[in-house]
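**Q** Mind looking over this structure? Questions follow.
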Amino acid sequence: EAITVGDLANRMAERATDVIKSLMKMGVMATVNQAIDADTAELVVEEFGHRIKRVSDADVEDALLKPVEVDGDAVTRAPVVTVMGHVDHGKTSLLDALRATDIAAGEAGGITQHIGAYQVTMSSGDKITFLDTPGHAAFTAMRQRGAEVTDIVVLVVAADDGIQPQTVEAINHAKAAEVPIIVAINKIDKEGADPSKAKTQLLEHSLVPEDMGGDVICVEVSALKRIGLEALEETILLQAEMLELKAVPDAPARGAVVEAKLEVGRGSVATVLVQSGTLKVGDIFVAGQEWGRVRALLDDRGRQIQEAGPSVPVEVLGLQGTPSAGDEFIVLQDESRAREIADYRQRKNREQQFTIAARGTLEQMFEKVKAGEAEQLPVVIKTDVQGSLEAITAALDKLATDEVKVRILHGAVGGITESDVTLASSTGGIILGFNVRANPQARDHARRDGVDIRYYSIIYDLIDDMKSVLSGMLAPEE
Ligand code: GDP
């Protein structure tokens with residue numbers, strides 16, 4: 001536990017220079033951005049004649065993580081679906097086409113709003129919620145922040161193009177999240193469309209289609225000609241039924257931020273997906289490092305609503321700041337508590353940035369292996385050519401001991417991208433680059449999240465490093 005000098009000064013409403021002077025008197029030399037430990041901070045606070053009130057992790061966890069006693073009945077909730085796939089295979093088209101199947105879509109009133117998620121009501125009365133933020137980066141970025149929002153992934157594969165690099169990436173993201181996959185084979189209207197070829201290709205990624213004796217359901221669709229959309233929705237509902245998705249509606253809301261932005265005239269606006277309970281106008285909440293009181297709720301057609309239950313996406317007005325996609329959203333009883341938690345998290349986040357930057361995750365992995373806490377080392381491997389990818393994969397497989405093995409989250413040919421970083425980060429893994437570099441976005445992201453990217457040009461060096469980690473004999477890095 002630590003606090004920076006600047007933060008401490010702020011919280012006491014004293015000048016940082018005065019705090020620094022007071023520290024000097026105690027023999028502690030610190031600059032404004034440096035962190036001091038809690039005991040030293042306490043002495044400073046006393047020195048200034050302030051009252052001490054430490055908020056411990058336990059307090060915050062108590063308030064947040066202990067769910068309010070809920071005695072209501074759990075009811076079935078709508079599945080939440082993310083659409084993923086290779087660029088140009090038709091994710092956006094499919095999301096638009098599915099949206100148009102909403103029985104309320106034709107009704108007058110309410111213009112389609114893109115708030116990052118929408119809900120479709122089928123003629124049967126069943127509902128499906130779609131996250132309208134295509135791309136696995138969004139999916140994994142959310143998961144990385146602890147938001148397990150998606151129940152089902154719909155993998156779009158264009159029938160005329162088959163499985164492509166980002167399809168593989170999507171498959172690996174979904175697998176890492178342990179979310180069931182439904183395959184939508186799109187563009188079947190096109191000349192040269194070959195759905196069976198796409199299916200055969202799936203086999204190479206251990207997705208076995210139903211008609212080949214497996215459990216992966218493939219639905220042939222055309223987003224353009226609107227073919228097979230109902231079949232796809234039926235399949236989603238069937239899968240949802242097997243998952244037995246339930247939530248208690250009669251409770252304070254908890255959910256996740258899907259999207260958030262600062263808008264002129266409206267302030268901070270967040271799209272929240274309610275995961276349990278019911279969110280109401282007037283509710284006080286914390287969303288990540290921000291808090292607020294719900295001033296208004298708008299649905300995906302821009303209509304004002306009074307409340308939103310489980311699996312309902314809703315735009316929330318009344319935030320004090322802009323949270324991040326994937327932040328947890330929790331309704332609390334009183335405002336001072338909400339403020340305190342938001343405050344606390346902001347401070348903690350600043351401190352964490354220090355510690356993360358100071359420590360590579362390969363070292364962290366090593367520590368874990370040494371302590372017998374890790375059973376696998378998650379890695380993402382990017383190489384210049386297929387041959388080296390295969391050689392590295394095979395060599396890493398052989399390193400497995402009884403206690404620990406390398407788990408390849410994703411292996412592909414090409415430079416290191418942001419998507420690789422989110423995947424590694426969400427599982428506490430590292431990235432191994434063989435004769436490839438990371439693009440600037442990926443580098444920034446990796447630095448921010450403390451994800452280790454290791455570059456190699458000799459396979460032996462790469463294997464040797466991983467061997468050291470596995471055997472618990474990592475040589476210290478110079
Ligand atoms: P995304 O990059 O995955 O979001 O793909 P888009 O939805 O933007 O689609 C890429 C292109 O494929 C666009 O030109 C679409 O019109 C076209 N497209 C999408 N679905 C279909 C389809 O079912 N049939 C045909 N023929 N074209 C499609």
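The values are calculated or read from the model by the stated rules, or taken from the named source; none is laboratory data. What you see is a predicted model, and the numbers here were worked out from it, not measured in a lab. Neighbour counts are summed over all protein chains in view; Cβ atoms, including those assigned to glycine, are modelled from backbone coordinates with ideal geometry. Remember, those area values only see protein heavy atoms, side chains included, never the ligands or the DNA or RNA. Shrake-Rupley method; radii C 1.70, N 1.55, O 1.52, S 1.80 Å.
**Q** Having 2 or more residues that are in contact with a Pro (Cβ under 6 Å, 6 or more places away or on another chain), touching a residue at least 60 places away in the same chain (Cβ under 8 Å) and open to solvent by less than 30 Å² (accessible area, probe 1.4 Å) is the bar; report the helices (runs of 4 or more DSSP H) wholly within the range 129-210 that clear it.
**A** Details: elements: 136-144, 165-176, 195-203.
Filter on the range 129-210 gives an empty set.
**Q** Still on this structure, please answer the following. Scanning the range 102-128 for residues that are assigned to a strand (DSSP E or B) and out of contact with any Ser or Thr (no Cβ under 8 Å at 6 or more places or on another chain), which turns out modelled with the highest pLDDT? Talk me through it step by step, then tell me what you get.
**A** Taking the range 102-128 and keeping what is assigned to a strand (DSSP E or B), we get 117-121, 127-128.
Narrowing further to those that are out of contact with any Ser or Thr (no Cβ under 8 Å at 6 or more places or on another chain): 121, 128.
Values: 121: 93, 128: 97.
Per the criteria, the residue is 128.
**Q** Ok, one more. Within the range 77-94, restricting attention to residues that are modelled with pLDDT of 95 or more and β-branched (Val, Ile, Thr), which residue is farthest from the ligand (Cβ to nearest atom)?
**A** 80
**Q** Then there is this: Taking the condition surrounded by 12 or more Cβ atoms within 10 Å (Cβ to Cβ), within 16 Å of the ligand (Cβ to nearest atom), at pLDDT 90 or above and charged (D, E, K, R), does residue 99 pass? If you could, list the steps in order and put the result at the bottom.
**A** Numbers: surrounded by 12 or more Cβ atoms within 10 Å (Cβ to Cβ): yes; within 16 Å of the ligand (Cβ to nearest atom): yes; at pLDDT 90 or above: yes; charged (D, E, K, R): yes.
Spelling it out, residue 99 is indeed surrounded by 12 or more Cβ atoms within 10 Å (Cβ to Cβ), within 16 Å of the ligand (Cβ to nearest atom), at pLDDT 90 or above and charged (D, E, K, R).
**Q** Quick one: which of 47, 14, 42 is more than 18 Å from residue 340 (Cα to Cα) and open to solvent by 70 Å² or more (accessible area, probe 1.4 Å)? If you could, list the steps in order and put the result at the bottom.
**A** Numbers: 14 fails: open to solvent by 70 Å² or more (accessible area, probe 1.4 Å); 42 fails: open to solvent by 70 Å² or more (accessible area, probe 1.4 Å).
Being more than 18 Å from residue 340 (Cα to Cα) and open to solvent by 70 Å² or more (accessible area, probe 1.4 Å) holds for just one of 47, 14, 42, which is 47.
**Q** Those residues that are in a helix (DSSP H, G or I) and open to solvent by less than 40 Å² (accessible area, probe 1.4 Å), I need them from the range 219-249; list them, please. It would help to see each step written out before you state the result.
**A** Within the range 219-249, the subset in a helix (DSSP H, G or I) is 229-243.
Across the range 219-249, the qualifying residues are 229, 232, 233, 235, 236, 237, 239, 240.
**Q** Show me the helices (runs of 4 or more DSSP H) found entirely inside the range 360-478 where at least 3 residues are loosely packed, with under 15 Cβ neighbours inside 10 Å and without any contact (Cβ under 8 Å) to a residue 60 or more places away in the chain. Break it down stepwise before answering.
**A** On the way: elements: 361-370, 386-398, 418-426, 440-449, 459-471.
Fully inside the range 360-478 and qualifying: 386-398, 440-449, 459-471.
**Q** Ok, one more. Filter the range 182-217 down to the residues that are within 15 Å of the ligand (Cβ to nearest atom) and in contact with an Asp or Glu (Cβ under 9 Å, 6 or more places away or on another chain) and list them by number.
**A** Once the filter is applied, which keeps residues that are within 15 Å of the ligand (Cβ to nearest atom) and in contact with an Asp or Glu (Cβ under 9 Å, 6 or more places away or on another chain), the range 182-217 yields 184, 185, 186, 187, 188, 190, 191, 192, 193, 194, 195, 198.
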